[in-house]
1. Around Asn122, with a cut-off of 15 angstrom between Cβ atoms, what is the net charge of the other residues, counting Lys and Arg +1 and Asp and Glu -1?
2. Hey, got the Cα dimensions of the stretch 23-131 along the principal axes, in Å, largest first?
3. Calculate the spin-label point distance for Ala110 paired with Arg68, positioning each point 7 Å from the Cα along the beta-carbon direction, and give it in nanometres.
4. Hey, for a label at Leu49 modelled as a point 7 Å past Cα toward Cβ, could you say which residues of the stretch 79-115 have their backbone N under 14 Å away?
5. Using alpha carbons only, how many angstrom separate the centre of the stretch 85-132 from the centre of the stretch 28-42?
Amino acid sequence: MSSDTLGPLTWRPARRLLSVSGYGASVALILGLNLLFNVVDLVTSYVGLGRGLNEVNSLALGIAEASRLPIFGSLIILKLLFVSGAVATAIVAVRSRDPGTKRLLLRVIAISTLSFLVISLNNLFWILHVLA
């Protein structure tokens, strides 16, 4: 057995994940936008909380209550979980050999990205509404 194989599993260097193919580039672009919108959501949530707006994310409120963390701390935990999930989904999508799985996972990442875009725009709307 060579050093490149692990029984039925084959070692694939990370550089293959970073190769720019049409599909890989699409996944990378959507994942990059997902990360950007998650950061915008976190920053706008921080600004909104500082301006006196209330957090309405029931998951963040539940984590804050159960862990006794401040709301922003629970938001950071949620962002880490969401980003980790998106990255894991992207890795599985790029490594998958099944075209149906690739399409499905690309759609999952795209829907997540669009969701965080809408959330970020909503946060910006309310921040600007409070400032007006």
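1. -1
2. Per principal axis, max minus min of the Cα coordinates gives 48, 31, 15 Å.
3. Here the answer is 4.6 nm between the modelled labels.
4. The answer is 79-80.
5. 7 Å
Each reported figure results from applying straightforward, stated rules to the coordinates on display, with no laboratory input. No experiment lies behind these values; they were computed from the predicted model shown. All Cβ positions, even for glycine, are placed from backbone atoms using ideal geometry, and neighbour counts span all protein chains on display.
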